[in-house]
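The structure appears right after this line, and notes come after that.
The values are calculated or read from the model by the stated rules, or taken from the named source; none is laboratory data. None of the values given here were measured: they were computed from a predicted structure. Neighbour counts run over all protein chains shown; Cβ positions are idealised from the backbone, glycine included. Note: areas computed on protein heavy atoms with side chains; ligands, DNA, RNA excluded. Shrake-Rupley method; radii C 1.70, N 1.55, O 1.52, S 1.80 Å.
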Amino acid sequence: MGRKSLEDIYRDIENEVEEDCFDKEDLKLKDQDPYVIVGRSQTSGNILLKSGDELGYDVVVSLTFPEAMKLIKDLTNAVIDKYTK
């Protein structure tokens, strides 16, 4: 077995983290573009928000519970504003 590149090692670690933190059903959403999945960090307990698009641009954000609640409130207000005007 050959040596793994640094990129292969990072990909393996990311896959392990995804399996531990995100629901397997949610991971199926990655086949759709764009996607967002939500999970919980096993180590810190923070809420993880991962989003990506068809270009392969993935972002993972770790949020505390109050930060996640503020984000939900802001998104809800933005949707209400958009569709009530």
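Roughly how big is the stretch 34-85's charge dipole about its Cα centre, with Cβ charges of +1 (Lys, Arg) and -1 (Asp, Glu), in debye to the nearest 20?
Roughly 240 debye for the stretch 34-85.
What residues have an amide H closer than 5 Å to that of ASN46, excluding those fewer than 5 places away on the same chain, when H is modeled at 1.01 Å from N in the peptide plane?
Amide H neighbours of ASN46, under 5 Å, 5+ apart: SER41.
Pull out the extension gain between GLU7 and SER62, defined as 0.36 nm times the separation in residues minus the alpha carbon to alpha carbon distance; nm, one decimal.
Numbers: separation 55, 0.36 × 55 = 19.80 nm, distance 2.23 nm.
Between GLU7 and SER62, full extension yields 17.6 nm more.
At 1.4 Å probe size, with no ligands or nucleic acids counted, give the accessible surface of SER41 in Å², nearest ten.
20 Å²
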